[in-house]
Amino acid sequence: MKRIIAVVIALALLVFGVVASVFNAMWASDWEDVFSEFSGGEFPPSTVMEEGDAANRIAVVNIEGTIMDSGEQPGMFQSQGYNHTLVIESLKQILDDDTIKGVMLNVNSPGGGVYESAEIHKYLQQIKEAGKTVYSSMGGMAASGGYYVSAPADQIFASNETMTGSIGVIMQSINYSQLAEDFGVEFETYASGDMKEMLGGHRDPTEEESEYVQSMVDGMYQDFVDVVAEGRDMSDEEVKNLADGRIYMGEDAMENGLVDQMGYFEDAMKALEEELGGNPQVIEYGYNGQNNFPLSYKAKNLLSDITGRSDIDKIESLLDNRQGMTPMYLYEK
């Protein structure tokens, strides 16, 4: 009898898991339009934070978490945290919307990918060139890529508790050659060129490989320096004196020119509203507004608990955000 019950439970869980997977996949693709119609808005979604003049609006864009493109399709059952597609599409809409006069970046991030950070920076530059005012409010952390995306802002706010800076680039690979030798593992590699297996991990890098990778890092580092120099109206030398990878607290960052004013999000918003004048309406992009189905997150968390995915999801997240050979503007905590 116990065996029959166990089999029934196992089959039920299997069916439930299959149905949930199919439903989630359908929602992430074809059902996105249904969600848009049902929620009363289009993608990217936005919520009114403060009522005011709809012809003179401020858009809040949240950049929270590691700035990496996970490839996840935005939808009702998307995981919480940073979503690159959502951020980029929000910036594109801001660029094309003449009613949006100002942008408030709400940054709480240790940084992330070089590509993703540069893509955000590109659209922020275009938004500024279109005559819109951009402010950045730094939360507990706006380091490395978190500072990179803030650098173009007309005004940068930080609090005493903000950790920022960490200007630089990092690339890592794992050298497991000694471990393989200890366990008697040998590798047979066939490559089309001497550099094809560069930093493969099964052997020590050659001098040529090390020099080549370092030259890549140096080039991306110079790009970072140029972004800060342009955004903060500093010389190349001034930026490099600060850009050795170290973290600065809020007051130190203001003293060395990386931050304009001390204050929290509310202070930054008040300053931006005063600069724009009138009574601007404030909207926020994202799924966190009260009309954007917050219960969906609870539903997904419950689904993860039932199917035993919670711990697996955490491990997958760590693997997805590992540095590896991907160049990163990232502060390692």
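The set of residues in the stretch 156-182 being touching a residue at least 12 places away in the same chain (Cβ under 8 Å) and either surrounded by fewer than 17 Cβ atoms within 10 Å (Cβ to Cβ) or basic (K, R) (or both) consists of N160, E161, Q172, S173, I174, N175, Y176, S177, A180. Annotation note: of V185, V149, the sole residue that is aliphatic (A, V, I, L, M) and open to solvent by less than 10 Å² (accessible area, probe 1.4 Å) is V149.
Here D30 does not fit the description of being at pLDDT 95 or above and open to solvent by 70 Å² or more (accessible area, probe 1.4 Å).
Could you give every pair whose Cβ atoms fall below 7 Å, whose first residue belongs to the stretch 124-138 and is over 14 Å from I63 (Cα atoms) and in contact (Cβ under 8 Å) with a residue 40 or more places away in the chain, and whose second residue is open to solvent by 10 Å² or more (accessible area, probe 1.4 Å) and assigned to a loop (DSSP other than H, G, I, E, B), counting only separations of at least 6 or pairs across chains? That search, which allows pairs on different chains as well, returns T133/D154.
The set of residues in the stretch 126-139 that are outside any helix (DSSP H, G or I) and open to solvent by 40 Å² or more (accessible area, probe 1.4 Å) comprises A130, G131. Of all residues in the stretch 104-118, those being without any contact (Cβ under 8 Å) to a residue 60 or more places away in the chain, more than 19 Å from G168 (Cβ to Cβ) and in contact with a Gly (Cβ under 9 Å, 6 or more places away or on another chain) number 1. Which residues, counting only those in the stretch 217-245, are within 22 Å of the chain's Cα centre (by Cα) and either at pLDDT below 95 or not in a helix (DSSP H, G or I) (or both)? Scanning the stretch 217-245 gives A243, G245. Within the stretch 150-186, being over 30 Å from M262 (Cβ atoms) and either in a loop (DSSP other than H, G, I, E, B) or touching an Asp or Glu at 6+ places or on another chain (Cβ under 6 Å) (or both) holds for M171, Q172, S173, I174, N175, Y176, F183, G184, V185, E186. Candidates in the stretch 188-206 are the residues that are in contact with an Asp or Glu (Cβ under 6 Å, 6 or more places away or on another chain) and loosely packed, with under 11 Cβ neighbours inside 10 Å; of these, the one that is farthest from A243 (Cα to Cα) is T189.
Every residue, every condition in (1) open to solvent by 30 Å² or more (accessible area, probe 1.4 Å); (2) of a type in the set (F, W, Y); (3) at pLDDT 95 or above, yes or no:
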{"position": "V61", "(1), (2), (3)": "no, no, yes"}
{"position": "I67", "(1), (2), (3)": "no, no, yes"}
{"position": "Q73", "(1), (2), (3)": "yes, no, no"}
{"position": "F77", "(1), (2), (3)": "yes, yes, no"}
{"position": "I88", "(1), (2), (3)": "no, no, yes"}
{"position": "L95", "(1), (2), (3)": "yes, no, yes"}
{"position": "V107", "(1), (2), (3)": "no, no, yes"}
{"position": "P110", "(1), (2), (3)": "no, no, yes"}
{"position": "L124", "(1), (2), (3)": "no, no, yes"}
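For the stretch 249-333, no helices (runs of 4 or more DSSP H) sit wholly inside it while including 2 or more residues that are open to solvent by 20 Å² or more (accessible area, probe 1.4 Å), modelled with pLDDT of 75 or more and among the β-branched types (V, I, T).
Within the stretch 41-50, at least one residue is assigned to a loop (DSSP other than H, G, I, E, B) and modelled with pLDDT under 70.
The values are calculated or read from the model by the stated rules, or taken from the named source; none is laboratory data. Because the structure is predicted, anything quoted here is derived from the model rather than measured. Counting neighbours? That spans all protein chains shown, and the Cβs are built from the backbone with ideal geometry, glycine included. Surface areas here come from the heavy atoms of the whole protein model, side chains and all, with no ligands, DNA or RNA. Shrake-Rupley method; radii C 1.70, N 1.55, O 1.52, S 1.80 Å.
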